[in-house]
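To start, the structure itself, in structure tokens.
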Amino acid sequence: MTMKAGTEATLLVHKDTRGGVLTCREGLSFWGGVDPDTGVIIDTHHPDHGASLAGRIVLMPTSRGSCSGSGVLLQLARNGQAPAALVFREPEDILTLGAIISARLFDRPIAVLRLPAEIYEALSRAGEAEIKGDTLHFSGRQIELSRPESRGLALSPRDRDMLEGKDGAARQLAMEVLCLMAAAQGAKELIDVSRAHIDGCILAHDANLDFAEKMDELGAKTVIPTTINAISVDRENWQGQGVPVEFGGKASRLADAYVNMGARPTFTCAPYLLDDVPEEDEAIGWSESNAVIYANSVLGARTEKHPDYLDLFVAITGRAPNTGVYLAENRKPVCEVRVAVPAAFDDALWPMLGWLAGARSPAGIPVLTGLEHLSLTPDDLKALCAAFGTTSAAPMVHVRGHTPEGDLPLAADAGLLEITLDDLRQLWREFNAGDDRIDLVAIGSPHASLAETRRFAELLDGRHCHDGLRTIVTVGRNTLAGMQAGGIVDRLQAAGVQVLPDLCWCSITEPVFPRDAAVIMTNSGKYAHYGKGLTGRNMRFGSLEDCAEAALTGRLKPGLPSWLTEGR
């Protein structure tokens, strides 16, 4: 039987291939969720934890989480552990871009398909499948696949010059890929963006370094103001921190390649903490999931969640596909998530709400309600946005009464979902699988703000951290300068706290990360989610005050906090 699916069944990246079918029950962040060397799912919160993607026809509704998944896919392709094909039911950019780069720059193609729901569901029940030419074969069915067509894309004369190579090989490649992505996304044109933020600068694998140095050798140069994410070392001090010379050298080369291409050496995963932040309705080209979500949700700026590598192409052309949340009609909430707020709570509530909101709305933009009567700080919203990005693919979240577009009307078919006290209790238990004894307190995922570091110093109140326990705060250089000027660094160091710039908990490695630490305490929902998979250590989670108490005593009390025992 042959079924013609028209433009709905789409072959985004071609490769003739076959393999057994693996259907993931949820979307997956390849960064922090898949081992880049083996292809095994390491996200301990994912229902398919432990499954191998290597050589399989992998189905998932869409990806989620980190923009860095594109780099993980490239690394898997280069070491022969990639899926045979990726099949999505909904729009997806991050892994699609990774497959495009893998094919065009490294001759390691990975097939990528997007299928309508009926065909996707039928394929999910098949034992194996084959892609041959423009046809998908499974269970006796043949599905004709269309390919995105970029020839109808409206391009400016400047775009055409870049596309024809008149502005060098790097911009020609960038424009070719931008046009391919625009076609895959259904965009009709490219738009100007005013600034960029580059995420692919962590040495999580050699693919990131090879891509950056290849683009640097091609002569890539940014044309708009561009900031750079946290890196894998304290750039100026790693030689004295026991970091292996080979690793430190590669991490420095990766950072330096982007700086040489024109990025400012900001080295922060929280560019919204810098002095010059985007304005409401400003079109920008950011990567890094938490930064994208904060920019859209809290600042009211406009940016897609650009995959790693595409962020550089945006930076060196100043252009991006005019699609997704660049368009006002796509910023409306698709569901309402009504929150049952505890009578009393602490700042641990906000990352938990973000994580649960993302789980409730894994692909669409939600609006959180029930919080209108509360006061939220920028750090509360920062924590919420970062945790939301671990469980949802959406590039923003509205909070009614607190974010610029929180009062946008709901979509006509919007659903109503809830977050209850029982949901919060269950997540607390999930985030707190580690022992009561704490070996490491981790603050700064995303990078801690000046206000957070000041508050942490106040909570320690001149006391010294517990013997045998390490407490580390990671910050951006801009925040570090403010901490130094305000005496906060001195206060924290006197208490036995190590303050590290440039790197963050998504990139820290041994020996800067203590080798003998078995249980990590954090106030970050993002790190509580990814930490076990990244480090192999057990996690504990709580408020900033809980972290200070753990730092001073070396322990965190078992069980629920008092504010979650209400009504029990």
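Throughout, read-outs are computed from the coordinates displayed, never taken from laboratory work. None of the values given here were measured: they were computed from a predicted structure. Cβ sites come from the backbone with ideal geometry, for glycine too, and all protein chains shown count toward neighbours.
List of remarks:
- Within the chain, helix-based [θ] at 222 nm, where runs of 4 or more DSSP H residues each add -39,500 (n - 2.57), nearest 500: -9500 deg cm²/dmol
- When its C-alpha radius of gyration is set against 2.2 N^0.38 Å (N residues), the chain gives a value of 0.93.
- Entries of LYS305/LYS382; LYS166/LYS305; LYS214/LYS526 with Cα pairs more than 26 Å apart: LYS166/LYS305; LYS214/LYS526
- In terms of its C-alpha gyration tensor, the stretch 118-248 comes out oblate, because a/c is 1.5 or above while a/b does not outweigh b/c.
- Pairwise FRET efficiency - ASP413 versus SER139, Cβ, R0 = 30 Å, nearest 0.05: 0.40
- Along principal axes, Cα extents of the stretch 427-524, largest first, whole Å: 38, 29, 28
- Distance between the pseudo-spin-label points of ALA51 and ALA340 (7 Å out from Cα toward the beta carbon): 3.2 nm.
- Inter-probe distance in nm under a simple model that places probes 7 Å from Cα toward Cβ, at ALA451 and HIS464: 3.3 nm
- Gyration tensor (alpha-carbon) shape descriptor, the stretch 355-439, a/c threshold 1.5: prolate
- With contacts taken as Cα pairs under 8 Å and at least 6 residues apart, the stretch 59-170 reaches a relative contact order of 19 percent.
- Burial order of peptide ranges 236-247, 377-388, 171-182 (average beta-carbon count within 10 Å, highest first): 377-388, 171-182, 236-247
- Shape of the stretch 206-267, Cα gyration tensor, a/c cut at 1.5: oblate
- Mean-position separation - Cα centroids, the stretch 210-266 and the stretch 514-568, in angstrom: 32 Å
- Nitroxide proxy distance, nm - points 7 Å out along Cα→Cβ at ALA518 and LYS132: 5.5 nm
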